[in-house]
Ligand code: IVH
């Protein structure tokens, strides 16, 4: 194929792939299988590899990210990004309609839409190409986050149809519920704080520096507002319908309403309907449909006069704050929990609610005995959002946040800039010990499924297991006949447990079998802060056994791909602790695997001779993960940051400028994908 033919084919393939992206991500209606889709993408990747100068910025191969942005460029909005005036009452919606009728001189047509609870984004298209993606910022200036936005598959990079040469389209980037849960589960597992809600997750993701990381997260985007000098229609509704034809994801949950009754019907329907949506909304937006009328109405400094947001009230109740408990979690984090006079809220009786942290308690100036407002919002756990000071009894007592751990008495600590207090006594504080034990036996760790939370508690309460190594000393006689009555809790009935012959044998068998669990999972099971499954695997594969990890210096650790400074520090601290070292010795003596198995270490081929590689940018033939795997398969090592110890930089398109500079300073050879393939083929 000559270059001219390749150019035509690349264009055709790109368009076809983007059409399938559109069917899948925008219409939720794929027309080909994933396999056939991958074939098309492979064909495109193949051609782009042969003719690298034909790679277009709008190529679907560019959606995997790879560009690193250290600081986002600040951009001034062409049209300021205003906000909407909010209302919570039907009365105010009636006033809004009356006001508009008065200014326009007659009744007008409205469009009702959902109010998406995410992060506002302004996309700028020139000649059908996405050129900028700007956050709201302060409304006047925002950040251009285009590298991250390009990874969102439902946002078209190139438009089709009859679009204006230049226009802006605004919408909301959001984190869908199912992806949000997965993200938080993963964060909790590695000891990171979970995001409080999907909106924070969306906003945090959009601000990440590595777009390849953003590409792994399932952000989505719905567009709801077009701006420009040459928009195709006289109404907002028709503009959105055209935008749908150009390739944008436009909501189908939108209605033209001719009067207040129709507006209220939309509002009421969605008050129920929103509970079934796979993302969060917090209200309904009512907009004047005619653009000429919108212009006539104009805007105040803060918000347009032609639109209003009706916000759904989070269900809220007023009740008495009886006392505050302090709970200590697995990582030692202390959470204040309010005990309330039981009250019905959104269909369930609420007795307890979160009080967040010490700062919020001070901000709310909440006192024991106060009447407090409890709300059930997007989050599942009810929270205290305010105090009715007019109902404050004279006897109300100011809350003094505890200074010592309620479980073990140790003085609590708070890191600079953080709101949460921690109990630092990780080795002797009961909930932290039990948490470590529960983690140790969990499925992805040692998988001792004959034990569970309740049984661990029994072993702990009876002083039989105070440390993970104690599990391997357990004897039949110690366990047989052990009893406990678990009292009724909010979600569980009373339970009586007694260890009989079969239970005991099961427990001992499970413990014995766990001695075969491979080293990488044992390492994860130890519960080192920030060492999740993936990090444990990397440490195990790279250092091969526990003694090497123990000896590793900070530099040795950060030299491993995806291991950053925070993780390295946590690993070093762990191995500084004598008690942990003792535990490891005991576990070793019991036959737990502390060395990688022979099969795992066998490399396919040792052509790369243990050389270290920093991979940067986007590749034509392989995804970044694939290329990293190739390096490992051929006996090389992946490291994440460039240092004097690095042997090669393997650079794709859009290599990070920081890495490039450092490589040049340190005189480290930069090789291309093709040169790398030659190396392993040799
Ligand atoms: S229209 C001038 N439509 O609400 C206002 N905004 O408080 C143009 N929002 O910043 C925005 N859903 O982030 C509009 N269907 C919708 C919306 C919506 C959510 C957000 C948007 C805006 C904020 C205003």
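The values are calculated or read from the model by the stated rules, or taken from the named source; none is laboratory data. Please read all numbers here as calculations on a predicted model, not as lab measurements. Note that we place each Cβ from the backbone using ideal geometry, even for glycine, and neighbour counts take in every protein chain shown.
Assigned to a strand (DSSP E or B), within 16 Å of the ligand (Cβ to nearest atom) and modelled with pLDDT of 95 or more - does that describe any residue in region 173-185? Checked against the condition, which is being assigned to a strand (DSSP E or B), within 16 Å of the ligand (Cβ to nearest atom) and modelled with pLDDT of 95 or more, region 173-185 yields at least one hit. From the list 125, 88, the one residue that fits, being under 30 Å from residue 21 (Cβ atoms) and either surrounded by 15 or more Cβ atoms within 10 Å (Cβ to Cβ) or touching a strand residue (DSSP E or B) at 6+ places or on another chain (Cβ under 8 Å) (or both), is 125.
Among the residues of region 448-465, write down those that are exposed (fewer than 15 other Cβ atoms within 10 Å of the Cβ) and part of a loop (DSSP other than H, G, I, E, B). Once the filter is applied, which keeps residues that are exposed (fewer than 15 other Cβ atoms within 10 Å of the Cβ) and part of a loop (DSSP other than H, G, I, E, B), region 448-465 yields 449, 452, 462, 463. Show me the helices (runs of 4 or more DSSP H) found entirely inside region 257-372 where at least 1 residues are loosely packed, with under 15 Cβ neighbours inside 10 Å and within 16 Å of the ligand (Cβ to nearest atom). The qualifying helices (runs of 4 or more DSSP H) are 260-273, 291-297. When the residues of region 104-122 are narrowed to those that are surrounded by fewer than 18 Cβ atoms within 10 Å (Cβ to Cβ) and out of contact with any helix residue (DSSP H, G or I) (no Cβ under 8 Å at 6 or more places or on another chain), which ends up nearest to residue 312 (Cα to Cα)? Residue satisfying both the conditions and the ranking: 109.
Scanning region 657-682 for residues that are farther than 15 Å from residue 615 by Cβ, assigned to a helix (DSSP H, G or I) and modelled with pLDDT under 80 yields 657, 681. Screening region 232-256 for residues that are more than 14 Å from the ligand (Cβ to nearest atom) and in a helix (DSSP H, G or I) and picking the one that is nearest to residue 653 (Cα to Cα) gives 246.
Looking across region 132-158, the residues that are more than 22 Å from the chain's Cα centre (by Cα) and surrounded by fewer than 19 Cβ atoms within 10 Å (Cβ to Cβ) come down to 132, 138, 139, 140, 141.
In region 199-231, the residue that is farthest from the ligand (Cβ to nearest atom) out of those that are in contact with a strand residue (DSSP E or B) (Cβ under 9 Å, 6 or more places away or on another chain) and in a loop (DSSP other than H, G, I, E, B) is 209. Has region 79-93 got at least one residue that is modelled with pLDDT under 90, within 30 Å of residue 271 (Cβ to Cβ) and touching a helix residue (DSSP H, G or I) at 6+ places or on another chain (Cβ under 8 Å)? No, region 79-93 contains no residue that is modelled with pLDDT under 90, within 30 Å of residue 271 (Cβ to Cβ) and touching a helix residue (DSSP H, G or I) at 6+ places or on another chain (Cβ under 8 Å). Would you check which residues across region 644-656 are touching a helix residue (DSSP H, G or I) at 6+ places or on another chain (Cβ under 7 Å) and in a loop (DSSP other than H, G, I, E, B) and list them? Matches in region 644-656: 652 only.
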